[in-house]
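Taken together, the values in this text are just the output of simple stated rules run on the coordinates, not laboratory data. Because the structure is a prediction, the values reported are computed rather than measured. Here Cβ is always computed from backbone atoms with ideal geometry, including for glycine, and neighbour counts include all displayed protein chains.
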Amino acid sequence: MTFRLTSSLCLVAATLVTAGPCDIYAAGETPCAAAHSTTRALFSAYTGSLYQIKRGSDGATTNIAPLSAGGVANAAAQDAFCASTTCTITTIFDQTGLGNHLTQAPPGGAGSGTDPNGFDNLAAADGAPATLNGQKAYGVFISPGTGYRNDATTGIAIGDTAEGIYAVFDGTHYNNRCCFDYGNAEPSNDDTGNGHMEAIYFGNGGDGGAGSGPWIQADLENGLFSRGTTASNPGLPTMSSRFVTAIIKGQPGMWEIRGGDGASGGLSTFYSGGRPGGGYNPMHKEGAIVLGIGGDNSNRAQGTFYEGAMTFGFPSDATENLVQANIVAARYAATSLTSGPAIIVGSAVSLRATTACCANRFISHQGATISNQIVNTTSTTALKLSASWTVVAGLANSGCISFLSRDTAKSYIRHFNFQLLVNADDGTQLFKEDATFCPQAGKNGQGNSLRSWSYPTHYFRHFNGILYAASNGGPQDFDATFSFNDDVSWVVSAAFA
Ligand SMILES: *[C@@H]1O[C@H](CO)[C@@H](O)[C@H](O)[C@H]1NC(C)=O
């Protein structure tokens, strides 16, 4: 096929392809005041660091930059740096030059993390792989307890000043807890009253709208708003596409919710109107930035962030529609969540430890408890069955797997308080998530390491003979870095029984 475009069409096409979202906002006279993405540059000329990662083996850090000016993140550099160990995201750099970087969130009025100083957890660097125009990149997979923040910003809206916010999320990763947010919050890490936040909220909490969620709403502090009153908004659709573009914008006396599919089509406006009563008009924005948490560090929510920005001023719909076209042109797509030897759905397997102490031991259960037992061809059938598992498609994500017990009906390996247990499926979303694991290449070079889907810093690990979902260097004794790679690597073979 031959394309013959007029010069003006060429110009439009070239502008769409080469401009970044923040070039588009600048052209619309509402430039970005903060621009965050681990997947790509948001300015066409940006060549600086997108994010910093830290690895578990030696605590070293490195910065990940775009492959070219305005381009996709250099995921291969991350993969090389993190080979045979674990990595977390320590900083998401602000691309505007204003220095509004996001780092590990400190404790707040409503929550603290498990860090020794009460800081929130850092996201696994490899929890949210995707492709952009066919090139691999990693989003920020926020598990409960994880959060990023900047309490000392420059140029972010305060008081009743106008601003716009957009973000790209995963419409399949959410919950109804408070609060998976991106946007404007309190620098005190505390709830300072109605109207002191203006952030995008994404999840199935709050007043909500049509269907069962997730929905794009506004966290305006002490309320997740879907409209100008505290009531469900029937015009606010469930946004469950794999990639979701979410927009909240506000100016004196009014605000809007907009959104669309981050991989195709345009934006729709789901609310445009007045502010809620009771302290939200005028607004009292304070200008800190949160990601993955509420303004008071409420940190029980989950979601995935790929990119987002906050603007000076109230962007026009036309400007945002061009940003959406740019996001669609970036061609976000899902990619494999697994690596290493394939573990085939439908097969029956046993999982052997590879630590020198224990290489004759297999993952086995006695009731709910899972331990590492010596099993071989002379073992009793009961013991063989207790160490045998049917591989099924991941209960919460079919790109990963779940392990069904072969001696206890409807019962799966799941993590609970980061111990692995065999429990009956209770039908809840939480159970499905806790029972879903994404096999990776074994961290010590043998077999597979089995990473939790919902907490991708956590892996199947034996510790004093008991099985845990352990994080490398985390707060629990079973998170010890000593022997971590060996203890999380398992050789998968045909089941004993
Ligand atoms: C085989 O397994 C049984 C436990 O089922 C154990 O007592 C025995 O020592 C094992 N045999 C070998 C050769 O490891």
### Query
Given the range 373-474, what whole percent of its Cα pairs are spread farther than 24 Å?
21
### Task
Compute the normalised compactness of the range 112-205: alpha-carbon radius of gyration over 2.2 N^0.38 Å, N being the residue count.
1.22
### Message
If neighbour count is taken as other Cβ atoms inside 10 Å, put Leu450, Leu467 in order from fewest to most.
### Response
Leu467, Leu450
#### Entry: Ratio of Rg to Rh over the range 249-294 (Cα coordinates, Kirkwood Rh, two decimals)
1.06
### Query
Not counting the cut sites, what is the longest span of the chain without chymotrypsin sites (Phe, Trp or Tyr not before Pro) that DSSP labels loop and that have at most 11 other Cβ atoms within 10 Å?
4-481
## Note on the structure
Note to self: C-alpha centroids of the range 22-75 and the range 230-283 sit apart, in Å, by 26
### Task
Calculate, in nm to one decimal, what Ser316 and Ala348 gain on full extension: separation in residues at 0.36 nm each, minus their alpha carbon distance.
5.9 nm
### Task
State the dimensionless ratio Rg/Rh of the range 279-328 (Rg: radius of gyration of Cα atoms; Rh: Kirkwood radius).
1.03
### Task
Let me know the whole percent of all Cα-Cα pairs from the range 230-360 that are separated by more than 23 Å.
54
### Task
Sort Leu385, Leu102 so that the residue with the fewest other Cβ atoms within 10 Å of its own Cβ comes first and the one with the most comes last.
Leu385, Leu102
### Ratio of Rg to Rh over the chain (Cα coordinates, Kirkwood Rh, two decimals)
1.00
### Query
So what is the calculated 222 nm ellipticity per residue for the chain, using -39500 (n - 2.57) for each DSSP H run with n of 4 or more, over all residues, to the nearest 500 deg cm²/dmol?
-3000 deg cm²/dmol
### Query
What's the percent breakdown of Cα-Cα distances in the range 302-414 across 10 Å bins, shortest bin first?
11, 29, 22, 12, 12, 10, 3, 0
### Evaluated over the range 26-153, the Cα radius of gyration and Dmax, each in Å
15.0, 46
### Query
Which length gain, in nm to one decimal place, applies between Gln251 and Thr238 when the Cα-Cα distance is subtracted from 0.36 nm times their residue separation?
2.1 nm
### Query
How much length is gained if the chain between Thr381 and Thr114 is pulled fully straight, taking 0.36 nm per residue apart and subtracting their Cα-Cα distance, in nm to one decimal?
91.9 nm
### Filtered trypsin sites (Lys or Arg not before Pro), the range 307-414: DSSP coil and at most 12 other beta carbons within 10 Å
Lys410
### Query
Helix 7-18 sits at what angle to the longest principal axis of the chain, using alpha carbons and giving 0 to 90 degrees rounded to 10?
50
### Space enclosed by the convex hull of the alpha-carbon atoms of the range 132-183, per residue, Å³
160
### Query
Around Ser402, with a cut-off of 15 angstrom between Cβ atoms, what is the net charge of the other residues, counting Lys and Arg +1 and Asp and Glu -1?
+1
